[in-house]
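> Dropping a structure here in C-alpha cells format, bear with me for questions.
The values are calculated or read from the model by the stated rules, or taken from the named source; none is laboratory data. All figures in this text were calculated on a predicted structure; none of them were measured in a lab. Heads up, the Cβs are rebuilt from the backbone with ideal geometry, glycines too, and the neighbour counts pull from every protein chain shown. Side chains included, ligands, DNA and RNA excluded: accessible areas come from the protein's heavy atoms. Shrake-Rupley method; radii C 1.70, N 1.55, O 1.52, S 1.80 Å.
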Amino acid sequence: MGHLLPIPLLFLIFVAAAPVLARSNDPIACESLEINEIADFRKFQNCTHVVGHIRLAYLDLSAGNYSLDSLATNITEISDYLMVYRCAGLITLQSIFPKLRIIRGQNLLFDQYALVVYENRNLRELGLVELLRIQKGFIRIESNPTLCFVETVDWMYLMGNATQQHFSLRHNRPQSQCPLCGGLTADYDFGNNSSERCWNLNTTQLRPQPSRMADCPVNCGLNGCDNGGKCCDHNCVTGCYTQNCSLCANFQGRLGCVNQCIASYEINKNRCIGYRECRELGRIPLIRGYQCVKKCPGNQKEVIDTKGHVHCQVECKGDFHIRSAADLDVLQDCVTINGSLIIELTNIKEKIVDVLENALVSVKEITGYLKVIHSAQLMSLSFLQNLDAIRGDKLVENKYALYVVNNYHLEHIWPVNHQVIIQRGALFFHLNPRLCYDKIHQLQSSLKSGENISVADVSPNSNGERVICSDRARSLNPKVEDLNSTAVRIILDYMDWDGMETLLGYTYFYKEAPLQNVTMYDGRHGCGHDNWLMDVAINKSRRHLITGLKPYTQYAYFVKTITRTEYHIQVDAYSKIGYFQTLPDKPSPVVRIYGSSEISSQILLHWWPPVRPNGVITKYFVTSEKANITKDVKDKNYSNLETTTIKDSDCECANVLPYDSGPQPDDEDYYNKEQITYEDSLPNLVFVSRNYDYRRKEFERVVNYDHLLSFKKEEEPTTPPPTSSPMTNQIRERLAAITFEKFRLKSEKKQRDIQDVNPSMYKIRHALPKCQNSHASVGQQMEEKCVVEEIPNGNEVPGNQHYYYLTQLEPNTYYRVTIQACVEGVVNGCSTPAEAVIRTAFNWIDS
C-alpha cells in the first residue's frame, strides 16, 4: 500500500522503554518490555498485562540451549503495540504469546503501527492463537521469507476500527507455497482445522459471533444483534453486551465497557475506577488527566494532606530559562510559576511556537518577572494565552517586571482583548523593530504602580522602526469575488494615489481553518517557517487567484502589501482575517477493496473511504462480474487480487510535500539578520522616491499660468488687474486648485486602470450545469454549455457504510469488483472506479 513507509527499526533496540504505570499491589501488571536476549524473558515472569509495549528485536533463539516452556508467557493484554524484528530461530509466536487476547494500540510505533512483524527469516507462522482484537493502529507483516498462514487470518475481524486501520502483508512466503487450513501436515495427514481462517494447520482463528446476523436492524451493521433484535456493541470483544463483558476493547467501567473514563480514574490503561478504589489500592488519583498512578509524574511532587493522603502537586518553583523545546517539559500543567520565566530561544531552526502554546497554555500567574530576549522566532507573546498576572515579587535589575529586548520579528504582545496585570514593577522594551510603540504604550493601564512609561524604559526609536506605526497605516479590505473547488479569486478595494506610489505588490496568506477562530499569529514563526501558506503577486492588480486548494475545505486568509521603504520605514498595509470554503468536487477513488468468502455463493466486501473525499460522500456503487483469470494466477491460490486501478489512481505523494510561507529550517541562511536587513533595503536602491514631490513638478510642468490668467469672462474689465493685487492671487490659487484636482482625478483613473489591467487573466472555471434534456447530444451540450448526468451502474450503498455482501455467486470463481464513491451536490460527482478481483470459496459439500 502506497501510504506505508520503510521502517527504521534498527535504532529502537537502543531506546529505553518509556515509563508507564503499574498497579502497586497487583503483580500481573508490568511495564514496557525490551527483549533482546533469552535472559530478558525473566521480565515476563508473573506478568499478564503489559502497560506499554513489547519489542522483540535481534533475539537469537537458534542456539537451542533453552526449553520452550521457559519462553511461554501469561500475557493477555498489551496496551500499546507489539514489535517482532529480526529474531533468528523464532518459529512461531505461539511459543511466547499463547494467551495474548488484545493489543489496544493506545500508543503506536511511529504513531502508526500496533503490530509489526518484520524481517524474521525463520518465522513460519504467527501463532497468535488467542488474539481477538487489535483496537487501533496499522498492521504490518512484511519480509518474513518463510512465513505462512498470514492470508488465512481474518484481519478485518481483528481490527477494531476497520475503516481507520490498514494491514499490509507483503514479501512473505507466497501463498501458493504454503499449506491450507486443515491441509496435509508434515506426516501426510490432514490437520484438525477445517476452517478457511486459521493461525496454523491445527488452530482455527477464534471469532466469537453474535446470536444472529440475519434480520438485524440496519444500524447494527456487521456487529449483529441478539435474539430480541438489539444491536450488539462492538466495544465488547467477547460478547454482545457491554454489561458484564469479560474483555472490553477500550476501558472496563463500573457499568460496562466505555470508550473513555468519565468522572473516574484510569488505571493500567484498561479500567476506570472511582476515587475511593484508587485510594484503597494505595495509589494517587491525579485530578488532571484523571489517572490513578503509583507515583507522581516527573514535574510534580508529593504533598501529604491532613488525612495522610498523598496528592500530586505541580512543582513550578524557581527561575525557568527556556532556550529550546526540551526546557518546556518541567512547565507542563503549571498554573502558577513560583519564580520567573526567561525566554531566550537560541535554536533558530527549531519549530517551537506550537510547543510553547501547548506547554504554557495553563499558566495564569508568574510571581516573579517575564523576560523575553533575543528570540527572533517570536511574532507575539500570545502563547501565554491564559496569563492573567505578573506579580513582580522579583524584578530584573530590581525594577522591571516585563523585560522584552531584541526580538526582531515581534509584532504583537498579548492575545487580542486580553490584559495581563503587572502588580509590581515597570516595563522595559528595546530593539524590537517590528513592535509599534503605541502597542507597548497600551500596557500603561496594566501597571498597578501607576508609574508612567518613560522613554528611557520604552524607546520610541528602536521599537517599531521597521514598520509603519502612525495613523498613516492603511488597512486592506479583501473580498472573495469568485471560487470553485480548487481556486478562489480575491479582489481588493482600489488603492488610493498615495498608496500606489509605494506599492510593489501583495502577499496573500492562507491556511486550512476548520473553525473560524484563527488569529494572524497562530503558529507564526518569525523566521519564516510557519503553517500559513503564501502567494506573492509582484504587480498592482487588485485581483488575485489562489489555486491548488483542497475541495470542500474552509480556509482563513489575509492580505499584506509589499512596499518599498522610505526613511527605513516599511509602509505595509494588512487586512483582517477572512474565511471562505471551496466547493465540493469528485472524490478520489476508495483506498482499498478487500473481500472474503466463507460461503461459496457469497463475498463480503470491505473498502476504505477515499483519502480525499472532497465533499460529503452520500453513496457508493458496487458492481461485480465474472473475471477471466489466467491459469498462472489461479495456481497461486490468491483469493484477493488488488488491481493497479486502486494504487495508481490515488497517489498521495502530492499531499505530503511541505509548503510553507518561508524557508525550511534546513535551508542555508535560514535566519540571518544581516541578510534580512540587506533584502529589506534592496527595494530602496531601485524604487525609493526623490526628496522633492515629483507629482507637484509634473503638475507645474503641464499647467500654463499665463494662459489661465489670460482667460477673461465677458463681464470682467478688459484691463487686467495689477499682478500684485489680492484678487489676482486668489484667482491664481483657485485656478491652480481646480487644475490640480482635474490632474489628480485623471491620475487616479489611470491608477485604477492599472489595478484593473487584464481581468481575463483571473477567470475561474466552473463545472458545467446538468442538461435539462437527459439525452442531449454532444452538439446540444456544447450549444447549451451543459453536461448530461451519468447514472452509475451497480448496487447503491449508503455513504456511511463500508461493507457489502455479494450474493448468488458461483463457487470457486473469480469476480471483478468495482466500487465508486459519490459526492453530494456535484454533477457526475462519482470517483474513478476502484477495482479488485476476488474468488469465492470452494463448495466442499457438492464436491
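> Test each condition in (1) hydrophobic (A, V, I, L, M, F, W, C); (2) surrounded by 15 or more Cβ atoms within 10 Å (Cβ to Cβ); (3) more than 30 Å from ARG170 (Cβ to Cβ) for ALA39 and report the one that comes out false.
(2)
> If ALA29 satisfies all but one of (1) in contact with a Lys or Arg (Cβ under 7 Å, 6 or more places away or on another chain); (2) aliphatic (A, V, I, L, M); (3) under 23 Å from GLN260 (Cβ atoms); (4) open to solvent by less than 10 Å² (accessible area, probe 1.4 Å), what's the number of the condition it fails?
Condition not satisfied by ALA29: (4).
Conditions tested, residue by residue: (1) touching a helix residue (DSSP H, G or I) at 6+ places or on another chain (Cβ under 8 Å); (2) crowded, with 19+ Cβ neighbours inside 10 Å; (3) polar (S, T, N, Q); (4) under 14 Å from ARG133 (Cβ atoms).
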residue: CYS198; (1), (2), (3), (4): no, yes, no, no
residue: ALA214; (1), (2), (3), (4): no, no, no, no
residue: ASN219; (1), (2), (3), (4): no, no, yes, no
residue: CYS231; (1), (2), (3), (4): yes, no, no, no
residue: CYS248; (1), (2), (3), (4): no, yes, no, yes
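> How many residues does the range 290-309 hold that are in a strand (DSSP E or B) and open to solvent by 40 Å² or more (accessible area, probe 1.4 Å)?
At the first step, the residues of the range 290-309 found to be in a strand (DSSP E or B) are 291-293, 300-304.
Okay, now just the ones that are also open to solvent by 40 Å² or more (accessible area, probe 1.4 Å), so 291, 301-304.
So the count comes out to 5.
> Let me ask you something else. Looking at the range 83-92, which of the residues that are touching a Phe, Trp or Tyr at 6+ places or on another chain (Cβ under 9 Å) and open to solvent by less than 20 Å² (accessible area, probe 1.4 Å) is nearest to SER32 (Cα to Cα)?
MET83
> On to the next question. Could you check the range 55-96 and list, in sequence order, the residues that are assigned to a strand (DSSP E or B) and farther than 14 Å from TYR118 by Cα? Working first, answer last.
Of the residues in the range 55-96, the ones assigned to a strand (DSSP E or B) are 55-57, 60, 77-78, 82-85, 88, 92.
Once the filter is applied, which keeps residues that are assigned to a strand (DSSP E or B) and farther than 14 Å from TYR118 by Cα, the range 55-96 yields ASP60, GLU77, ILE78.
> Which condition number in (1) of a type in the set (A, V, I, L, M, F, W, C); (2) in contact with a helix residue (DSSP H, G or I) (Cβ under 8 Å, 6 or more places away or on another chain); (3) over 16 Å from SER462 (Cα atoms) is the one that ALA376 fails?
So ALA376 meets the others, but not (3).
> Kindly indicate which of PHE428, PHE509 is assigned to a strand (DSSP E or B), out of contact with any helix residue (DSSP H, G or I) (no Cβ under 7 Å at 6 or more places or on another chain) and farther than 23 Å from VAL536 by Cα. Don't jump to the end; show me each part of the working.
Working: PHE509 fails: farther than 23 Å from VAL536 by Cα.
The conditions single out PHE428.
> Still on this structure, I have one more. Name, by its number, the condition in (1) within 30 Å of the chain's Cα centre (by Cα); (2) closer than 18 Å to ARG279 by Cα that does not hold for ASP329.
Single failed check for ASP329: (2).
> Suppose we keep only residues that are among the polar types (S, T, N, Q) and closer than 16 Å to LEU341 by Cα within the range 384-406. Which one would you say is most open to solvent (accessible area, probe 1.4 Å)?
Once the filter is applied, the top-ranked residue is ASN398.
> Of the numbered conditions (1) closer than 19 Å to PRO179 by Cβ; (2) crowded, with 22+ Cβ neighbours inside 10 Å; (3) of a type in the set (Val, Ile, Thr), ILE96 fails exactly one; give the number of that condition.
Condition (1) is where ILE96 drops out.
> If the requirement is being assigned to a helix (DSSP H, G or I), closer than 23 Å to LYS371 by Cβ and open to solvent by less than 50 Å² (accessible area, probe 1.4 Å), which of these qualifies: ILE453, ILE440?
On inspection, the qualifying residue turns out to be ILE440.
> Now, a different point. If you take the residues of the range 364-377 that are buried (at least 20 other Cβ atoms within 10 Å of the Cβ) and touching an Asp or Glu at 6+ places or on another chain (Cβ under 9 Å), which of them is farthest from ARG434 (Cα to Cα)?
By that ranking, first place goes to GLY368.
> Are any residues in the range 105-122 over 17 Å from PHE149 (Cβ atoms) and open to solvent by less than 10 Å² (accessible area, probe 1.4 Å), and if so, which ones?
GLY105, LEU109, TYR113, ALA114, VAL116
> Still on this structure, please answer the following. Any idea which of ILE287, ILE267 is among the β-branched types (Val, Ile, Thr) and open to solvent by less than 50 Å² (accessible area, probe 1.4 Å)? Quick ask: steps written out before the conclusion?
Working: ILE287 fails: open to solvent by less than 50 Å² (accessible area, probe 1.4 Å).
Only one candidate passes the filter, namely ILE267.
> Additional query: When only residues in the range 310-323 that are at pLDDT 90 or above and assigned to a loop (DSSP other than H, G, I, E, B) count, which is nearest to the chain's Cα centre (by Cα)?
Only one residue tops the list, namely ARG323.
> Do you know which residues across the range 757-804 are open to solvent by 70 Å² or more (accessible area, probe 1.4 Å), in contact (Cβ under 8 Å) with a residue 40 or more places away in the chain and among the β-branched types (Val, Ile, Thr)?
VAL757
> Separate question: Is there any pair with a first residue in the range 30-49 that is in contact (Cβ under 8 Å) with a residue 24 or more places away in the chain and a second that is in a strand (DSSP E or B) whose Cβ atoms are under 6 Å apart and which are 6 or more apart or on different chains, and what are they?
ILE35/LEU56; CYS47/CYS30; HIS49/ALA29; HIS49/GLU77
> Something else about it: Is it the case, given these coordinates, that ASN338 is open to solvent by 40 Å² or more (accessible area, probe 1.4 Å) and more than 29 Å from LEU286 (Cβ to Cβ)?
The answer is no for ASN338.
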